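Structure, as structure tokens:
Every read-out reported here was derived from the displayed coordinates using simple, explicitly stated rules and does not represent laboratory data. The model shown is predicted, which means the values in this text are computed figures rather than measured ones. Here Cβ is always computed from backbone atoms with ideal geometry, including for glycine, and neighbour counts include all displayed protein chains.
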Amino acid sequence: MRGYTGSRIENCEFVCYSNVTDLLSLSGSDIGVSGCRFGPSSGWYPVVRLNTLGDCVIEECLFDSIDTRESLIDVSMACPGPVGSPVTIRNNIFRNYWTTGQSVGTIAISLLCQGDPTGDFGIVENNTFENGRAGGAHAPGLVIRGSVAFHANQLVNLEPQTLPDVWADARLQDTILARANAFLPPGLAMSTAGTVADARWNWWGESTGPYNAANNPDGQGSGVGNSIQFDPWLLQHPDSSSDTSTVAETPRALVPSNFSLSAFPNPFNPTSTLMVTVPRAGEYVVTLYDVTGREVRRLFSGGLAGRTEIAIKGEGLASGLYFARLHTDRQQFAATKLLLLK
């Protein structure tokens, strides 16, 4: 079945045993898929293929009993960004999917930004991934080439254990922001070959945190790669109790909704701390200017996700008024005044 801009696919069932086609192929923008069941099914092509221009939602669907499909959801797009949520995949269940033999599949969700610019796919949230088995060198959960907010998902019994449940491609300009997910052991939960992966405040199946040979060798939870930011972590499953007193402190609003930039202390001498908040992960720059608009210091350049603290040192600066700005090459997002007193 094919769908185009403005399509609404609701409460449908897709069952097919074919090696020659996708079950559902979508292209364009403003597309919604909800309440559908996909499977049983077998074949080589993706179950849902999405070539989108943005503003697409896949929600409340069940993907069940699917054999050797390349992926359950395959998204390919020229990603905008770093602002916006062109694709939202939420409240779906991906279960009982596998690969027969040594095929390169099966991936639950494959997200591919076309070309090299920094891009943001949007949000993957409140999904369940269970009893999935990949083949070849791919991940059974997510394969990501782009920036994604990955929030409140549960991943359980994904095989093989040697492959990460979530794999981020080697693009230094991208950021994965993972919050309040449950990566249940055993096996390798998340790995990346260069993409910034901020995976703090997740549950790794053990109060001791994820296993990492270099940074947390005593962790009994699911494993993480060396490039994953995982500390601090949740001390219990995020859905296990309404009482968060036994959980490391973290705000419930884990993904911010607005850009902001603030400094404390302010006025300052000799140091201050900038609190930078971005609603969408991506590449950003924080620059310090004097009152004439002259750039005096680049404070940060690189991947940001969620909330980040950046230190400012007054050494080498004259007393007076300064402006810190959060921006990219194309756009400014936030600014704040700082007063240095010596």
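Structure data summary
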{"quantity": "Estimated D of region 2-229 in µm² per second, where Rh is the Kirkwood radius over Cα pairs and Stokes-Einstein applies at 10 °C, 1.306 mPa s", "calculated": "92"}
{"quantity": "Separation between Cα centres of region 262-308 and region 130-161, rounded to whole Å", "calculated": "34"}
{"quantity": "Length released on extending from residue 327 to residue 298, taking residue separation times 0.36 nm less the Cα-Cα span", "calculated": "9.3 nm"}
{"quantity": "Sorted by Cβ neighbour density within 10 Å, fewest at the top, the residues 93, 31, 176", "calculated": "93, 31, 176"}
{"quantity": "Spin-label model distance (nm) - residue 131 vs residue 319, 7 Å beyond Cα toward Cβ", "calculated": "7.2"}
{"quantity": "Fewest-first ranking of 53, 72, 26, 299, using other Cβ atoms within 10 Å as the exposure measure", "calculated": "53, 299, 26, 72"}
{"quantity": "Order of 204, 44 under a 10 Å beta carbon neighbour criterion, fewest first", "calculated": "44, 204"}
{"quantity": "Computed magnitude of the charge dipole of the chain (debye, nearest 20; Cβ of K, R +1, Cβ of D, E -1)", "calculated": "940"}
{"quantity": "Spacing of the two label points (7 Å from each Cα toward its C-beta) at residue 114 and residue 10, in nm", "calculated": "3.0"}
{"quantity": "Stretch in the chain that is longest and holds no GluC sites (Glu not before Pro) that DSSP places in a loop and that have at most 13 other beta carbons within 10 Å", "calculated": "1-248"}
{"quantity": "Among 326, 317, 155: highest mean-square fluctuation, GNM of the chain, C-alpha pairs under 10 Å", "calculated": "317"}
{"quantity": "Inter-label distance for residue 21 and residue 339, nm, one decimal - labels placed 7 Å from Cα along Cα-to-Cβ", "calculated": "7.0"}
{"quantity": "Theoretical gain in end-to-end length, residue 273 to residue 220 [0.36 nm per residue, Cα-Cα removed]", "calculated": "15.7 nm"}
{"quantity": "Full-stretch length increase - residue 169, residue 231 - with 0.36 nm per residue and alpha-carbon distance subtracted", "calculated": "20.1 nm"}
{"quantity": "Lys/Arg +1, Asp/Glu -1 at C-beta; region 260-340 dipole; positive extreme among 316, 335, 293", "calculated": "335"}
